[in-house]
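Nothing in this text is a laboratory measurement; each read-out follows from the coordinates by a stated rule. Because the structure is predicted, anything quoted here is derived from the model rather than measured. Heads up, the Cβs are rebuilt from the backbone with ideal geometry, glycines too, and the neighbour counts pull from every protein chain shown.
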Amino acid sequence: MSYCVNCGVELHKSATFCPLCNTVVINPGNPPDSQAKTPYPAEMGSVENVNSRAAALLLTVVFASIALAALLLNLLLFKEGFWSAFIMGASLMLWVFTVPVLILRPSRLLIILLDGAVTSLYCFIIAHQTEDTSWYYGIALPIIIMLTGFVFLYCYIMRRFKTSILFRIALIFGELGSYAVGIELSIRYFLYDSLSIRWSAVVGTSCLIIVAVLTTVMKNSRLREEVQRRLHF
Ligand SMILES: [Zn+2]
């Protein structure tokens, strides 16, 4: 029986390295037995995959039962109006938010587009249950499309290019400023038929100043090193 000279753990007779601290086993009186069967499995386990599939199945069953129960109650018991459309739409939306993430893990860009599409669909369902649908086309849809576009653009740039933390922060602020301006433009155009901005001009200008400062820091290598050292990037 050997013991690790570094951490003192008891070693299996087949061990050539300590399983805990990776120290080489050298015991002249009792060298590692290369013929002995190792106590560790030869293949890596894949517990996580099974778990995520099981979770996806469970979520599918839960959301499908909620939607079905709402539909049946609507058709058989509480027949006033088509209220179950809200619950079925919400179940579909939550399903799209959660299950593709568990199954299609590598394709994040596709997931963003799916989430944007299903959110638009849900608002569409709500709009068509109410009398007035103009808010959907005037405000909700533009805001959802812009948000999806900004998140998609951010993730696409992260994936396609090697970027520094400073660049990422600048990109986030640039997108936030543009998003604020976009939201106010759609609201004002919807309410007053005018393409003008007020509060978002303040937000947009602040974001623009931050982007300008960060761009200056990124362009000046000595300044960049100083900032990175002080902020531990
Ligand atoms: Zn050890």
Worksheet item: Once both labels are modelled 7 Å past Cα along the beta-carbon direction, what's the R222-L104 spacing in nm?
Response: 5.0
Fill in: Inter-probe distance in nm under a simple model that places probes 7 Å from Cα toward Cβ, at T16 and S65
5.3
Worksheet, complete the sentence: Length gained if Y192 through E131 is fully extended, taking 0.36 nm per residue and subtracting the Cα-Cα distance, is 19.9 nm
Worksheet entry | Restricting the range 1-60 to trypsin sites (Lys or Arg not before Pro) in coil, as DSSP defines it, with at most 11 other Cβ within 10 Å | K37
Item to complete: Report the normalised scattering of the range 51-156 as log10 I(q)/I(0) at q = 0.11, 0.19 Å⁻¹, calculated by the Debye formula with identical scatterers on the alpha carbons.
Response: -0.42, -1.01
Worksheet item: Taking the range 18-94, which chymotrypsin sites (Phe, Trp or Tyr not before Pro) meet the DSSP loop condition and have no more than 12 other C-beta atoms within 10 Å?
Response: F78
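Which length gain, in nm to one decimal place, applies between I172 and A54 when the Cα-Cα distance is subtracted from 0.36 nm times their residue separation?
Separation in residues times 0.36 nm, less the Cα-Cα distance, equals 39.0 nm.
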Response to the item:
Any residue on another chain or 5+ positions along whose placed amide H is under 5 Å from the amide H of F17 is listed here as V25
Worksheet item: Of all the stretches in the chain, which is the longest one without any exposed loop site, taking GluC sites (Glu not before Pro) in a DSSP loop (any state but H, G, I, E, B) with at most 15 other Cβ atoms within 10 Å?
Response: 132-233
Fill in: Share of Cα-Cα pairs in the chain lying beyond 34 Å, as whole percent
51
